[in-house]
1. Give the residue that is nearest to ARG381 (Cα to Cα), with candidates limited to residues of the range 294-348 that are hydroxyl-bearing (Ser, Thr, Tyr) and in contact (Cβ under 8 Å) with a residue 24 or more places away in the chain.
2. Of all residues in the range 10-33, how many are open to solvent by 70 Å² or more (accessible area, probe 1.4 Å) and farther than 21 Å from LEU320 by Cα?
3. Of all residues in the range 90-105, how many are within 16 Å of the ligand (Cβ to nearest atom) and over 16 Å from THR128 (Cβ atoms)?
4. Can you tell me which residue within the range 305-345, out of those that are more than 16 Å from the ligand (Cβ to nearest atom) and among the acidic types (Asp, Glu), is nearest to the chain's Cα centre (by Cα)?
5. Which is at pLDDT 95 or above and within 30 Å of ILE144 (Cβ to Cβ), of ARG381, ARG354?
6. What are the residues in the range 104-144 that are open to solvent by 30 Å² or more (accessible area, probe 1.4 Å) and closer than 19 Å to ILE212 by Cα, if any?
7. For the range 266-316, what are the residues that are closer than 25 Å to VAL89 by Cβ and charged (D, E, K, R)?
8. Can you pull out every residue in the range 41-67 that is in contact (Cβ under 8 Å) with a residue 60 or more places away in the chain, more than 16 Å from the ligand (Cβ to nearest atom), crowded, with 19+ Cβ neighbours inside 10 Å and not aromatic (Phe, Trp, Tyr)?
Amino acid sequence: MYDFKTVIDRRHTNSLKWDVGADELPMWVADMDFQTAPEIIEALQKKATFGIFGYEEPDEAYFESVANWYQQQHGFRPEPDWMIFSNGVVPAISSIIRRLTNAGDNIVVQAPVYDIFYHSIENNGRHTLSNDLVYDEKALTYQIDFADLEVKLAEPLTSLMILCNPHNPIGHVWSREDLVRVAQLCLNNHVILLSDEIHGDLTAAGHDYTPIFSLPAALRANTIACVSPSKTFNVAALHTSTVIVPDENLRNSVSRGLNNDEIAEPNSFALVAAKAAYNQGAPWLAALKQQLARNRKIVAEFLATELPELKLVPAEATYLLWLECTDFCQDSAKLAEYIRWETGLYLSEEAVYRGNGADFLRLNIACPERELQDGLHRLQRAIHQYEKESV
Ligand SMILES: Cc1ncc(COP(=O)(O)O)c(C=O)c1O
């Protein structure tokens, strides 16, 4: 019923992802090559036809749609009163950093992690303190080092922790038990816990994610969650997100920061798109998840037979695959550059995620199968050539 097969030419459409050379194939930034849900397109068309694009404010129906979505998809209904509209997750994170912490403070993250966290922290004059995730080379999984986390949260200058739940780029869905432990440690140390949950809807079957605001009341009172339809429905440039802050005092403070930074008002298309997504988008999302599951399987099978030297970290969420390349390369940034130069396949620069990011390539698989096959064959060609040249 929904089309995830047609390859759509996105060149010359101002697409950040597709601003590449004629023969290049971009599989880097977290942006899908699928059209969004037809229900969203229809709502946007109606709005465009209406033709008046004056100032807007989020209405109750918007916040209700977010609350209902979390109830239906994730089994917990956040109160609409807890929510604040914002123009995006990253703008909200930067604003929260400025409002709730001081220049020179420490902000804890867990490397390897979404590189823009570092920009938000360091461009605002705060220090990044990483509670590096611990990698198990045999199991190809990551775990939290809780002893180290406790030490870093206890440092006098630590005022905020930014969690990525589920975690980009490793594709891990944190368990409820892990989240409770992290939230309790933050609470014990008077460190506010900011949870970026932008990838929460894109989980693989059997790996449902736990929203941070669904934790027990005492814990969630010390948390802020950022959610958005932008990854789920491929509507990033509509600049729509919701900041969920259960505690009233903390919410007032966050709200003042967002308003002070002038990032709490929607553009003309934000609310209609988000409401259509949350109210009518569930069947499309279910179909998308099936396509992503097929794509994960295609990659896993291809790597097992054609490129066993690349090890795939089991992906529980996101459409970004994390591929370990240490068997033949110690510097994945150089390797990614080589792959692009040799074959035009454009992957992210993995060292930017810090931690052990330099041991990995990140591959965006949210594209039609034909494009994915093209990407995999380019990857195979480049790596075989690289190995030949390295001996
Ligand atoms: C973890 C994470 N947070 C935030 C964003 C971007 O959020 P926004 O476009 O709403 O600023 C991304 C995009 O890749 C992401 O992976």
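The values are calculated or read from the model by the stated rules, or taken from the named source; none is laboratory data. What you see is a predicted model; the values in this text were computed from it and never measured. Please note: Cβ atoms are built from the backbone with ideal geometry, for glycine as well, and neighbour counts cover all protein chains shown. Note: areas computed on protein heavy atoms with side chains; ligands, DNA, RNA excluded. Shrake-Rupley method; radii C 1.70, N 1.55, O 1.52, S 1.80 Å.
1. Here the residue is THR343.
2. Qualifying residue count for the region: 5.
3. Residues flagged as within 16 Å of the ligand (Cβ to nearest atom) and over 16 Å from THR128 (Cβ atoms) within the range 90-105 amount to 3.
4. Applying the filter and picking the extreme gives GLU324.
5. Residue meeting the stated conditions: ARG354.
6. If the condition is that a residue be open to solvent by 30 Å² or more (accessible area, probe 1.4 Å) and closer than 19 Å to ILE212 by Cα, then TYR114, GLN143 are the ones that fit.
7. Those that are closer than 25 Å to VAL89 by Cβ and charged (D, E, K, R): LYS275, LYS289, ARG296, GLU316.
8. ALA43, SER65 - these are the residues of the range 41-67 that are in contact (Cβ under 8 Å) with a residue 60 or more places away in the chain, more than 16 Å from the ligand (Cβ to nearest atom), crowded, with 19+ Cβ neighbours inside 10 Å and not aromatic (Phe, Trp, Tyr).
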